[in-house]
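Below is one structure, written out as structure tokens; comments come after it.
Every read-out reported here was derived from the displayed coordinates using simple, explicitly stated rules and does not represent laboratory data. Remember, predicted model here, so these are calculated numbers, not experimental data. Here the Cβ positions follow ideal geometry from the backbone for every residue, glycine too, while neighbour counts run over all protein chains shown.
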Amino acid sequence: MSNWEQPNNDGWTDVEYEFGLDEEGAKRVSHILNEACHVFFYHADGNWNDSYKEKYASELAKEFQKYPDLSSRVLRSNDRVVKMVAFRALEILKE
């Protein structure tokens, strides 16, 4: 596992995402990704694409702006939900 690969997030147990960030940045990114995974797996009410994914992707996009290398690190994740949110965050930054 590389320095930025994280275990898959089951949505129930929080994962400490580091991605080479300072402590505060890692806490913010961990919160965003843990919440996104939890909502994706345990609150699937049909609003994922319309509102939830947008919310978490927008928050992650702000972190991508603060940390230019973060997006490439997050995209190395093997976690489907994490990558989904990251790709949407990149789309938001292009808009």
Study note, to complete from the structure: Restricting attention to region 49-68, the residues that are in contact with a Leu (Cβ under 8 Å, 6 or more places away or on another chain) and not aliphatic (A, V, I, L, M) number exactly 5
Point to revise | Qualifying positions in region 31-61 - hydrophobic (A, V, I, L, M, F, W, C) and surrounded by 14 or more Cβ atoms within 10 Å (Cβ to Cβ) | key: Ile32, Leu33, Ala36, Cys37, Val39, Phe40, Trp48, Ala57, Leu60, Ala61
